[in-house]
Amino acid sequence: TQLLEQSPQFLSIQEGENLTVYCNSSSVFSSLQWYRQEPGEGPVLLVTVVTGGEVKKLKRLTFQFGDARKDSSLHITAAQPGDTGLYLCAGAINQGGKLIFGQGTELSVKP
Amino acid sequence: GAVVSQHPSWVICKSGTSVKIECRSLDFQATTMFWYRQFPKQSLMLMATSNEGSKATYEQGVEKDKFLINHASLTLSTLTVTSAHPEDSSFYICSARRDSENTEAFFGQGTRLTVV
């Protein structure tokens, strides 16, 4: 059973378009992280959200944590080819507990 | 800060031999480190949780005698793939936490293992 459902799993868009990636669960998370991974490298932490309803912005990326802390979204505005990569959400049910990863979203932004 | 270094970044070994992968936290002490396996274009699969000075906790289905984990210090954990076979070929990634209360994890650059 996948505790953290991430969608879509694949996304191919044109430069300049907007997109949203979703992570959903029936479990409540104490915190949730978003990572970006390029081929042959380890994931790089983008953001951590801990408070229900929290919104964080990182340039063209907007991250939101659901009010009930069961879901999160990543919205990219005006996507660029440099945004291409594998985006992963990961959450911890307990503070200090192991991270549970979503399936990942393979994003391809074409010029 | 929060740099995790993994070595080697790639390794090719013969079937039946053992391979050791190192994971170091360079600028912080990590009481907990994690080892993952990742297949192409897929998410990370947790193999085990490694706590300094104690035995690793393995996830269901992961053979502890095949994937030996040692966490001898607060900055170093090692994963040894014993008697490697071609099906063990994969991308192995470690991560480390700065403290037990913080769930943020910082990842190494990964090790591409190819068993021939």
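The values are calculated or read from the model by the stated rules, or taken from the named source; none is laboratory data. Note that this is a predicted model, so its numbers are computed, not measured. Note: ideal-geometry Cβ built from the backbone for every residue, glycine included; neighbour counts use all protein chains shown.
Given the criteria of a type in the set (Phe, Trp, Tyr), more than 25 Å from B:SER90 (Cβ to Cβ) and either out of contact with any Ser or Thr (no Cβ under 6 Å at 6 or more places or on another chain) or surrounded by 13 or more Cβ atoms within 10 Å (Cβ to Cβ) (or both), does A:PHE65 qualify?
Values: of a type in the set (Phe, Trp, Tyr): yes; more than 25 Å from B:SER90 (Cβ to Cβ): yes; either out of contact with any Ser or Thr (no Cβ under 6 Å at 6 or more places or on another chain) or surrounded by 13 or more Cβ atoms within 10 Å (Cβ to Cβ) (or both): yes.
So A:PHE65 fits the description; yes.
Select from the stretch A:45-66 the residues that are among the hydroxyl-bearing types (Ser, Thr, Tyr) and either facing chain B (nearest Cβ under 8 Å) or assigned to a strand (DSSP E or B) (or both) and list them in ascending order. Walk me through it before giving the result.
Let us first name the residues in the stretch A:45-66 that are among the hydroxyl-bearing types (Ser, Thr, Tyr), namely A:48, A:51, A:62.
Answer for the stretch A:45-66, where residues must be among the hydroxyl-bearing types (Ser, Thr, Tyr) and either facing chain B (nearest Cβ under 8 Å) or assigned to a strand (DSSP E or B) (or both): A:THR48, A:THR62.
Would you mind finding the one in A:GLY97, A:GLY42, A:GLY91 that is in a strand (DSSP E or B), of a type in the set (Gly, Ala, Ser) and at the interface with another protein chain (Cβ under 10 Å from one of its Cβ atoms)?
A:GLY91
Residues to consider are B:VAL3, B:VAL11; find the one that is more than 10 Å from chain A (Cβ to nearest Cβ), under 20 Å from A:LEU99 (Cα atoms) and β-branched (Val, Ile, Thr). Outline the logic, then answer.
On the way: B:VAL11 fails: under 20 Å from A:LEU99 (Cα atoms).
Checking each option against the conditions leaves just B:VAL3.
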Spot the failing condition for B:GLU22; the list is (1) surrounded by 20 or more Cβ atoms within 10 Å (Cβ to Cβ); (2) within 21 Å of B:ARG112 (Cα to Cα), and only one is missed.
(1)
Can you pull out every residue in the stretch A:70-88 that is closer than 24 Å to A:VAL50 by Cα and part of a strand (DSSP E or B)?
A:ASP71, A:SER72, A:SER73, A:LEU74, A:HIS75, A:ILE76, A:LEU86, A:TYR87, A:LEU88
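I'd like the full set of residues that are in a loop (DSSP other than H, G, I, E, B) and not hydroxyl-bearing (Ser, Thr, Tyr), limited to the stretch A:24-39. Write out each step before concluding.
Keep residues of the stretch A:24-39 that are in a loop (DSSP other than H, G, I, E, B), which gives A:25-30, A:38-39.
A:VAL28, A:PHE29, A:GLU38, A:PRO39 - these are the residues of the stretch A:24-39 that are in a loop (DSSP other than H, G, I, E, B) and not hydroxyl-bearing (Ser, Thr, Tyr).
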Which condition from (1) modelled with pLDDT of 95 or more; (2) surrounded by 13 or more Cβ atoms within 10 Å (Cβ to Cβ); (3) in contact with a strand residue (DSSP E or B) (Cβ under 6 Å, 6 or more places away or on another chain) is the one that A:VAL49 breaks?
(1)
